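A.B. asks: Okay, here's the structure, questions in a sec.
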Amino acid sequence: MMAILEQTVGATFERLKGLVGDLVPTFELLIKAELVYQINQLKRERNAVILGHNYMEPALYHGVADHVGDSLELSRIAATSRADVIVFCGVRFMAETAKVLSPKKTVLLPSMEAGCSLAAGITAEDVRALRRRYPGVPVVSYVNTYADVKAESDACCTSSNAAAVVKSFGCGAVIFLPDEYLARNTARETGRRFILAKPGAAGGESALDGDLIGWPGRCEVHERFNVEDIHVVRSQFPDVIVLAHPECSPEVVHAANFRAARRQ
């Protein structure tokens with residue numbers, strides 16, 4: 001996807017109205033159109049590429065992003081771009097991943113306040129402490145973590161390949177960070193016993209073959225969904241198909257029709 005560089009603000013407004021006019025009020029589009037026009041002009045001047053994560057609001061998502069989608073795939077796309085500047089409209093760990101894959105490019109994050117409760121729930125020192133508690137046990141970290149946590153890990157995974165990455169370590173114990181629900185769902189999928197590590201515990205601990213050791217980190221959005229929500233939706237739409245991301249609780253994932261991991 002490539003954003004169109006219109007010659008006028010009016011032309012930008014008409015494009016946005018055709019794309020999201022049924023979602024965004026006209027008065028808001030009139031304001032956003034001028035902003036979109038200015039951003040697209042500056043993007044061309046700076047030889048920049050704008051990555052739009054799926055969580056962006058509609059007018060900017062459709063108005064300025066050259067590529068849209070999930071975080072890791074966007075970073076991969078940017079790495080192949082000829083742009084000098086990468087603007088990642090997402091949260092901090094996404095921009096960090098883009099920088100890891102494009103070390104010679106300038107990576108800009110529009111808001112340094114854009115954070116993630118899940119990524120903020122674990123630090124590099126937490127990982128080192130877990131290694132001391134479980135000597136020799138490999139660490140798998142979800143891609144939705146900060147770069148220093150990734151650096152302390154043996155492997156990183158996405159929500160779609162978490163089970164495959166865990167299986168790649170054989171039958172031994174594995175530490176899986178930081179999402180507790182994704183770890184629990186992965187343990188069920190791989191037939192492992194789940195153990196929840198308690199932050200701050202000291203001393204070495206033993207883990208049995210087949211254990212999946214998780215961390216009490218959660219996404220504040222995904223943990224809001226419960227089984228009752230699914231019952232309510234099904235009562236209103238009897239033929240509905242419910243998809244649940246594996247960052248939701250195991251109960252929600254079990255109640256849904258499909259476990260729907262992002263390709264990333």
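A.B. asks: Look at R193 and say whether it is of a type in the set (K, R) and touching a residue at least 40 places away in the same chain (Cβ under 8 Å). Before you say what the answer is, go through the steps one by one.
C.D. replies: Details: of a type in the set (K, R): yes; touching a residue at least 40 places away in the same chain (Cβ under 8 Å): no.
For R193, the condition - of a type in the set (K, R) and touching a residue at least 40 places away in the same chain (Cβ under 8 Å) - is not met.
A.B. asks: State all residues of the range 83-130 that are assigned to a loop (DSSP other than H, G, I, E, B), free of Cβ contacts under 8 Å to residues at least 12 places away in the same chain and more than 16 Å from E220 (Cβ to Cβ); if no residue qualifies, say none. Explain how you work it out, then say what you get.
C.D. replies: Within the range 83-130, the subset assigned to a loop (DSSP other than H, G, I, E, B) is 83-84, 90-91, 102-105, 109-118, 122-123.
With free of Cβ contacts under 8 Å to residues at least 12 places away in the same chain added as a condition, the list becomes 103-104, 111, 113.
Correct list: P103, K104, S111.
A.B. asks: While we're on this one: If you go through the range 58-82, how many residues are modelled with pLDDT of 90 or more and in a loop (DSSP other than H, G, I, E, B)?
C.D. replies: 6
A.B. asks: Kindly state which strands (runs of 3 or more DSSP E) lie completely within the range 149-264 and contain at least 1 residues that are closer than 28 Å to E73 by Cβ and aromatic (F, W, Y).
C.D. replies: On the way: elements: 155-157, 174-177, 193-196, 211-214.
Result: 174-177.
A.B. asks: When you check Y55 against the structure, is it closer than 26 Å to A147 by Cα and in a loop (DSSP other than H, G, I, E, B), yes or no?
C.D. replies: Values: closer than 26 Å to A147 by Cα: yes; in a loop (DSSP other than H, G, I, E, B): yes.
The answer is yes for Y55.
A.B. asks: If you don't mind, there's one more thing I want to ask. What's the number of the condition A114 fails, among (1) within 30 Å of K198 (Cβ to Cβ); (2) modelled with pLDDT of 90 or more?
C.D. replies: Condition (2) is where A114 drops out.
A.B. asks: Considering only residues that are under 28 Å from the mean Cα position of the chain (by Cα), surrounded by 12 or more Cβ atoms within 10 Å (Cβ to Cβ) and closer than 23 Å to R44 by Cα, which ones fall in the range 3-23?
C.D. replies: A3, L16, L19
A.B. asks: One residue is enough: does the range 133-140 have a residue meeting the conditions outside any loop (DSSP other than H, G, I, E, B) and at pLDDT 95 or above? Please lay out each step first, then the result.
C.D. replies: Restricting attention to the range 133-140, the residues satisfying the condition of being outside any loop (DSSP other than H, G, I, E, B) are 133, 139-140.
Those left that are additionally at pLDDT 95 or above: 139-140.
Looking through the range 133-140, at least one residue is outside any loop (DSSP other than H, G, I, E, B) and at pLDDT 95 or above.
The values are calculated or read from the model by the stated rules, or taken from the named source; none is laboratory data. The shown structure was predicted, so the numbers you read here are calculated from the model rather than taken from an experiment. Neighbour counts are summed over all protein chains in view; Cβ atoms, including those assigned to glycine, are modelled from backbone coordinates with ideal geometry.
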